[in-house]
1. Filtering region 94-105 down to residues that are modelled with pLDDT of 90 or more and not in a loop (DSSP other than H, G, I, E, B), which residue is farthest from THR66 (Cα to Cα)?
2. Give me a count of the residues in region 70-100 that are under 19 Å from HIS123 (Cβ atoms), buried (at least 16 other Cβ atoms within 10 Å of the Cβ) and not hydrophobic (A, V, I, L, M, F, W, C).
Amino acid sequence: AGAAAAGGAAAADGDDDDIPDMGSFEVEGLEDDRDATALAMGELSVAASPSGGNIVRTRTYDLSITYDKYYRCPRVWLYGYTEARQPLGTAQMLEDVSSEHANRTCTMEPHPHLSHGLFASIHPCKHA
């Protein structure tokens, strides 16, 4: 048994030569200059910050995680705000979810512990 373990260790040491150097690893198209799906700066709401720089205003979301006792798994909840920090409506929140997942694995439901409006609920059991 000891000789087999020693032989396995020697074989494992020989496998190190087969591992590529990540410093030389390159993926084509990974560093494209422009992302076709990104918005142009003119399409974004930009506000001057007190420090003199520009801040791009975007929709933001509060995220909470609860444990779903029925499915016995964590459940993610999202509550959205506009660029002006006003609560988003349910239709606006679903705009930010892919059409493949909206109203299927991501539905609008009341949060089990918070009482301000409907939250986008992601069903992790349907993603497994």
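The values are calculated or read from the model by the stated rules, or taken from the named source; none is laboratory data. Just so you know, these numbers come straight off a predicted model, no measurement behind them. In this analysis, Cβ positions are derived from the backbone assuming ideal geometry, glycine residues included, and neighbour counts consider all displayed protein chains.
1. The extreme case among them is GLU95.
2. 3
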